[in-house]
1. Label-point separation (nm) for residue 17 and residue 45, each offset 7 Å from Cα along Cα-to-Cβ?
2. What FRET efficiency comes out for the pair residue 38/residue 89, r = Cβ-Cβ distance, R0 = 22 Å, nearest 0.05?
3. For the pair residue 71/residue 55, report the inter-label distance in nm, with labels modelled 7 Å from Cα in the Cβ direction.
4. Order the peptides 81-94, 36-49 from the highest to the lowest mean number of other Cβ atoms within 10 Å of their residues.
5. Would you kindly compute the Cα radius of gyration of the range 47-117 and its largest Cα-Cα separation (Dmax), both in Å?
6. Students often check this: by mean Cβ neighbours within 10 Å, which of 70-79, 105-114 ranks highest, and how do the rest follow?
7. Quick one: accessible area per residue over the range 27-96, 1.4 Å probe, rounded to a whole number of Å²?
8. Can you give the local net charge around residue 52? Use residues other than it whose beta-carbon is closer than 14 angstrom to its beta-carbon, Lys and Arg +1, Asp and Glu -1.
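The values are calculated or read from the model by the stated rules, or taken from the named source; none is laboratory data. On a predicted model such as this, the values are computed, not experimentally measured, just so you know. Note that we place each Cβ from the backbone using ideal geometry, even for glycine, and neighbour counts take in every protein chain shown. Accessible surface is based on the protein model in full, side chains and every heavy atom, while ligands, DNA and RNA are left aside. Shrake-Rupley method; radii C 1.70, N 1.55, O 1.52, S 1.80 Å.
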Amino acid sequence: MTDLNELMGSPFVRVKVVAFVHFIFISNAMLGSWGHGAYEFYNFLFIISLFWTIHSKDSIEAVQTALVINASSIFFDLVSIIVSFNYMNGWAVAFSIINLILRPVSVALLYREFNTRGGSLQGGSVFPTTQQRSYQDIDRPTQPTPTNSQPGPNVASIF
């Protein structure tokens, strides 16, 4: 059991496990005939955001996007399963329900990854607060400050 906790503590393994498990269950759930494309659409976005999170190992925004899509997918899964329950076969229903049950676990793992990468949700905000970035104002370039040197070329700066 200690090895599993140590393995899931590794940031490189955690997101890959979430992506692999959801990929397997989403692929099998899509074998059913969903009456609409919503289930496929938001799960496709979720898998793409997980691939982005795996690729960008330092990006807070990538893991936040995957976290928000996954958390909102809990509600979307409920609605999709309830609306399309009569049209799906048993295989797709079983895998979509198991995928729905696993979503809170993956939300917790993605939130842990979000915190590991330096993201924080301060003040209950959905948007992460990180260090304030300053931008260079390119509309008003700064003027060089005058010095007390003699006008003309500075020969000493050539050597």
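1. 2.7 nm
2. E between residue 38 and residue 89, to the nearest 0.05, is 0.75.
3. Taking the two extended label points, one gets 2.5 nm.
4. So the peptides 81-94, 36-49, ranked by packing, come out 36-49, 81-94.
5. Over the range 47-117's Cα set, Rg and Dmax evaluate to 13.9, 43 Å.
6. 105-114, 70-79
7. Result: 52 Å² per residue.
8. Result for the neighbourhood of residue 52: 0.
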